[in-house]
Amino acid sequence: MFLSVHVLRRDAIAIHTAMHYTTPMKTSVILTGLLILFCTACSPITMERNVVYGVADGQKLVLDIYHPMGMTGLRPALLFVHGGGWAAGSKETFGDAPANMAKQGYVTFAINYRLIQNGKNLWPAQLDDVQRAIRWIRAHATDYHVDPERIGAIGHSAGGHLVACLATRETRDNADPTLSAYSSRVTCAVDMSGPVDLTVSDNPQADGIIAALLGGKNTEKPALARDASPLFFVDAMTAPVLIIHGRCDTLVAVRHAEQFDAALRRAGIETQALIFPDEGHGLTKKENTARMI
């Protein structure tokens with residue numbers, strides 16, 4: 001299975017849509033139905049819960065692993081990164097999506113990362129955690145039959161921001177000698193409704209969320225706001241990115257998707273922007289998915 005934005009496009013649309021137009025009880029059924037359209041050989045899977053991939057500030061960082069059974073050779077991997085304004089959410093946010101993707105032949109990982117709490121875990125804690133997760137996967141690639149050259153990442157909202165960072169940046173903190181030999185850059189990324197430029201104000205709600213991440217308004221911490229903006233790290237080494245966004249998004253303005261796509265194209269990076277004119281902060285209309293699959 002070749003891992004590219006074109007391969008991930010169909011599955012990312014299904015995941016994004018299932019997250020937003022179904023209730024939690026129906027998500028598994030709808031998502032399975034969508035993914036089965038592309039399934040050539042669904043595989044049973046094994047699961048490992050709450051595997052520790054690191055410790056930061058005394059807090060265990062954990063992930064869940066979903067592995068297809070009965071498949072030989074190295075498999076492409078997908079990292080699921082949840083949203084929640086960097087202050088909420090968990091690895092359970094994606095529901096059955098990681099398991100269903102594992103049934104398609106991916107080895108999937110759903111992670112927790114440090115969340116903003118009472119002024120703690122400010123940026124770049126989240127970046128360090130997701131980068132550590134990618135390096136941990138590469139360090140354990142043999143254990144889980146992962147191809148270290150085919151690791152993608154999918155994230156929504158704040159998670160979209162973090163996977164955009166994984167596509168555009170190399171390891172910020174490489175002090176851990178056990179992981180220093182491994183890159184934290186992904187092979188490709190799916191950014192769903194993620195902010196990529198935190199230096200400019202969009203609306204009061206977003207401004208407040210960004211201020212909590214940075215420990216102050218972006219105008220008060222311009223250097224930190226720029227450091228937290230993957231838009232400014234796009235270069236020739238950036239991984240391919242699939243961007244999914246709603247033009248009516250009132251939380252994360254559509255300019256983020258448009259500017260990110262433009263920057264990637266200028267740098268000669270493979271990119272595809274799926275901007276839905278009648279969607280907001282997540283897909284809610286089945287017909288949009290049907291049209292794009």
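Here are a few things to note about the model shown:
- Here segment 119-179 has 47 percent of its accessible surface on carbon and sulfur atoms, given a 1.4 Å probe and all protein chains in place.
- log₁₀ of I(q)/I(0) at q = 0.13, 0.19 Å⁻¹ - segment 60-125, Debye sum with one point per alpha carbon: -0.42, -0.73
- Where D129, D261 fall by accessible area, highest first, once all protein chains stay in place (1.4 Å): D261, D129
- Within the straight-line cut-off of under 20 Å between alpha carbons, the lysines reachable from K221 are K120, sequence neighbours fewer than 8 places apart in one chain being disregarded.
- Listed by chain and number, the aspartates and glutamates placed with their C-alpha closer than 17 angstrom to that of K217 are D197, D202, D207, D227; residues fewer than eight positions away on the same chain are left out.
- Summing charges over neighbours of E92, with a neighbour being any other residue whose Cβ is under 13 Å away from its Cβ, gives 0 when K and R count +1 and D and E count -1.
- Cut-off 13 Å between beta-carbons: net charge of the residues surrounding G58, Lys and Arg +1, Asp and Glu -1: +2
- Counting charges near T238 (Lys, Arg +1; Asp, Glu -1) among other residues having Cβ under 14 Å from its Cβ returns a value of -1.
- These residues, E170, E92, E279, go from largest to smallest accessible area, 1.4 Å probe, as E92, E170, E279.
- If you sort R49, R138 by accessible surface, 1.4 Å probe, largest first, the order is R49, R138.
- Here's the list of lysines a cross-link from K286 could span, going by alpha-carbon distance under 18 Å and ignoring same-chain residues fewer than 8 apart: K26.
- Probing with 1.4 Å while keeping every protein chain in the model, the per residue accessible area of segment 157-293 equals 41 Å².
- K120 - accessible surface, heavy atoms, 1.4 Å probe, Å² rounded to 10: 140
- Heavy-atom accessible area per residue - segment 97-147, 1.4 Å, Å²: 29
- In segment 217-270, trypsin sites (Lys or Arg not before Pro) in a DSSP loop with at most 15 other beta-carbon atoms within 10 Å: K217, R247
The values are calculated or read from the model by the stated rules, or taken from the named source; none is laboratory data. No experiment lies behind these values; they were computed from the predicted model shown. Cβ: placed from backbone, ideal geometry, glycine included. Neighbour counts: every protein chain shown. Surface areas here come from the heavy atoms of the whole protein model, side chains and all, with no ligands, DNA or RNA. Shrake-Rupley method; radii C 1.70, N 1.55, O 1.52, S 1.80 Å.
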